[in-house]
1. If A:Ile251 satisfies all but one of (1) open to solvent by 20 Å² or more (accessible area, probe 1.4 Å); (2) of a type in the set (A, V, I, L, M); (3) part of a helix (DSSP H, G or I), what's the number of the condition it fails?
2. Are any residues in the range C:40-79 among the small types (Gly, Ala, Ser) and either assigned to a strand (DSSP E or B) or farther than 23 Å from C:Leu176 by Cα (or both), and if so, which ones?
3. Taking the criterion of being among the β-branched types (Val, Ile, Thr), within 26 Å of C:Ala181 (Cα to Cα) and away from chain A (no Cβ under 14 Å), would at least one residue in the range C:39-53 satisfy it?
4. Take the conditions crowded, with 24+ Cβ neighbours inside 10 Å and either closer than 22 Å to A:Leu58 by Cβ or under 14 Å from the mean Cα position of the chain (by Cα) (or both) and apply them to A:Gly237. Does it pass?
5. Quick one: would you say A:Gly183 is open to solvent by 10 Å² or more (accessible area, probe 1.4 Å) and at the interface with another protein chain (Cβ under 7 Å from one of its Cβ atoms)?
6. Would you mind stating whether A:Ile242 is modelled with pLDDT of 90 or more and of a type in the set (A, V, I, L, M)?
7. Within the range C:123-137, which residues are of a type outside the set (Ser, Thr, Tyr) and touching a residue at least 12 places away in the same chain (Cβ under 8 Å)?
Amino acid sequence: MQKNKYQKSIFILFSMMFVCFIGSLLIGKVNIFPSLFDSKSNEMAFIILSEIRLPRTLLALLVGASLGLSGAILQGFLRNPLAESGIVGISSGAALGSVLCISLGVSAHFSFLIPLFGMAGATITAGFLYIILKKYFNVYTVILVGIAINSLASSLTSVILNISKNPYSALEIIFWLLGSLEGRTMDHVILCLPFIIVGWGILWHTRQGLDALSLGEETAQSLGYSVKNTYQKIIVGVALCIGASVAVSGIIGFVGLVVPHILRLWVGQKPSNLLVPSMLGGGIIVLSSDIITRLPLWDTELKLGVVTSLIGAPFFIHLIFKYRKKYAGI
Amino acid sequence: MARFLLFNLLIISNFSLAKIASFDLCADQWLLSFAEPGQVAFLTPLSQDPSVSYFHSKAKNYRIQSPNIETLLSENVTVVLATNYINKSVQHLLEKQGIKVIVIPPIKNLNQLLFWANRIKKITLSKSEIILKLQSVKEDTPPTETALYIGIGGSSPGTETLVDQAINLAGFRNINTSKGWRYMGIESIITQNPDYIFTTGVGTKNYAFVNHPAYDKLTKSTIMPIAQNHTVCACPQSFVDFIKVLKNAKK
Amino acid sequence: MLEFKNIKMTFDHNSVLENISGEFTPGKFIAVTGKNGSGKTTLIRILAGLQKPTAGQVYFYNKNVFDISVKRLAELRSYIPSNSLCHWDLYIEDIIKLGLLKSKESKAEKHLKVHNILSDLGLVEFKGREINTLSSGEKAMVYLARALISNPDYIFGDEILSNLHQDNQHKIMRYLKALAAKGKAVILITHNMDMAKEYCDSIYNLDSGQSLNTLHCRYGQFGNTVIYRK
């Protein structure tokens, strides 16, 4: 009975993702329908599809799936429905790296420097976290250190913004921080794909540990799952997939928090059952938000991170009120 | 009549003795166009930043100071030149202290630019011939080629912008026909396929933006980076030079 | 056989356990009692291999507990902490299956085992229900089922009777006694002396009254630890 429900939810989510995927290829500032079947201009339509829309569609899926997965993993690990990848400070670390790159002005000569700096930022943050937690490990320390690192990295980002002499580089930093997939190319996909896949692999390995942790740390330990070991895997996995995601897209908020929540109501609360649905759900939300930014309705480019939060926050409030009794019990 | 002349003279001489301070980057550009270093109390630090200040090298001959109320008062400044970025309450405070604040509004066309050039020239008693140059700027040929300018933040100028007028005066037809600045996006740009794409310089995000592989495959646009300091502020000299750069691109 | 020698544990210079030795043999139902803070939980955590003692060794079948692989150890013993709870509202089958996480059995085998343990404990009617829909006594039975499904030789329970109705306490104790009779070793921390006397083979008292250092014998000595024997 539960098995069917799980498979059914995966099937539905996958279909939704597929619809979004097709929608994302077909919707944009330019209507390519007429030229798609016109032999004279279908080259242009094809290039718009393959060079502009396909890369950002793939990136939206990769980034969304990473955010959803890390959110589900961290909520499962901390057994706290408020957790998301932001709580471990890695996304802020990645953002700090990229912002540093923009402010140094080196990004212009080699556009891949921004994601590379972002990944470096994520690596340094994760390394720092890893060393601290290797020495002093318990779950509260994990949360507190994560929050502290998160705010340290954000305040350093603010410092860079603050001391940037030139208002236009400050503007560029702010726009970057809002998150966007505009103008990304297949090279960006190739750049982040290996890190994201390896990150997913490592995170996937923690699923049994997360299930064991539902019965508390002691039981998990007695079942042969070390909490510390699980967390070390989580740090490495999140650093890889979130570091690479933030590095190419900027900060995209609320997805990691909201997606596992919504899906928990649907596929049940078992942490390992939430992982694949959360990946699909994250992909769906980021991709559909990206489609919204591209609708020919607005004159400016809406930023992706703005749209996800704008949709996510009210929805989240709705969920909290609808299920407040259930949450109070957790 | 004589009285009126005398009065005018008084004001003018008053200004010539005046210590004028700049309140922001664009006011810097106006002072750098018309005022001698001796007339200027100080310019803002951004005036020396080559990425945004058109007269950045000239600015090295002037005193630099962060513009805030305290420095303005302590330096015995009598006139503050600002563009409309100035905070209204700051303006009132300065005026209360007897400091004259001249606020230049956003300039949307050549006529407004000429009007303000004349005014600042009068205030500074400048002998600059830039106004003659401005007056001589004429549309040379009816536009045959299309162009798009991509400015800071990825936005492009449309009608009722000074940059749009520069593009027209240089003999191009701007493909952005909407009013004001607007974000075009890669897809609209490559489908409209302008003959020329002018972007802010190599050192900015836009340059990477127009290097998207889709451009190479689809457009035959000539992509020309132009230092963004041409268009950050409306000022006569950078306007004239910007048109010149655009015209040169045709060759 | 579970042997422990000269177990010593200090937390921040406070000595909790000092030179505790003994052995538990399969087929026995053992109660561990003592006042709050006497180190009961610490002791059985050490015995279950969940915590490294400051000094001393624990051997399962002559092998040091820390040299046994986690997988093997998970098969060898299970541990039910005090105040067992489930952070998520899981189906009870899923909870019980957690006891088999390290096992490589097929899904069908696991499913069958879950069914068997549920019927053993008389919990079949709860199949398909979520844990939060059960009463605390029923939950305790589910957590016990989770610990038993891997069929371990040693079962450690930390105050699993607390907050339960008398009937449920008796039900659990009867079941544990039957398990011991089948050759398992059951080690249970409890405050409930009456229950311990009624069902257990021996009672160990780790009393902190006068000193934390030794195991006191109240009803006579067996070896140097056992204080009560039916």
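1. With (1) open to solvent by 20 Å² or more (accessible area, probe 1.4 Å); (2) of a type in the set (A, V, I, L, M); (3) part of a helix (DSSP H, G or I) applied to A:Ile251, the lone miss is (3).
2. We begin by selecting, within the range C:40-79, every residue among the small types (Gly, Ala, Ser); these are C:48-49, C:55-56, C:69, C:74, C:78.
Across the range C:40-79, the qualifying residues are C:Ala55, C:Gly56, C:Ser69, C:Ser78.
3. Taking the range C:39-53 first, the residues among the β-branched types (Val, Ile, Thr) are C:41-42, C:44, C:46.
Filter once more, keeping what is within 26 Å of C:Ala181 (Cα to Cα): C:41, C:44, C:46.
Retained after the next criterion (residues that are away from chain A (no Cβ under 14 Å)): none.
No, the conditions are met nowhere in the range C:39-53.
4. On the way: crowded, with 24+ Cβ neighbours inside 10 Å: yes; either closer than 22 Å to A:Leu58 by Cβ or under 14 Å from the mean Cα position of the chain (by Cα) (or both): yes.
Yes: the conditions hold for A:Gly237.
5. Values: open to solvent by 10 Å² or more (accessible area, probe 1.4 Å): yes; at the interface with another protein chain (Cβ under 7 Å from one of its Cβ atoms): yes.
Yes, satisfied.
6. Values: modelled with pLDDT of 90 or more: yes; of a type in the set (A, V, I, L, M): yes.
Answer is yes for this residue.
7. Within the range C:123-137, the subset of a type outside the set (Ser, Thr, Tyr) is C:123-132, C:134, C:137.
Those that are of a type outside the set (Ser, Thr, Tyr) and touching a residue at least 12 places away in the same chain (Cβ under 8 Å): C:Leu123, C:Phe126, C:Lys127, C:Gly128, C:Arg129, C:Glu130, C:Ile131, C:Asn132, C:Leu134, C:Gly137.
Conditions (1) out of contact with any helix residue (DSSP H, G or I) (no Cβ under 8 Å at 6 or more places or on another chain); (2) within 14 Å of another protein chain (Cβ to nearest Cβ); (3) closer than 30 Å to B:Leu25 by Cα, marked per residue:
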| site | (1), (2), (3) |
| --- | --- |
| A:Thr57 | no, yes, no |
| A:Gly71 | no, no, no |
| A:Tyr130 | no, no, no |
| A:Leu156 | no, no, yes |
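The values are calculated or read from the model by the stated rules, or taken from the named source; none is laboratory data. This one's a predicted model, so the numbers in the text were calculated from it and none came from an experiment. Heads up, the Cβs are rebuilt from the backbone with ideal geometry, glycines too, and the neighbour counts pull from every protein chain shown. Heads up: the accessible areas ignore ligands, DNA and RNA and are worked out on the full protein's heavy atoms, side chains in. Shrake-Rupley method; radii C 1.70, N 1.55, O 1.52, S 1.80 Å.
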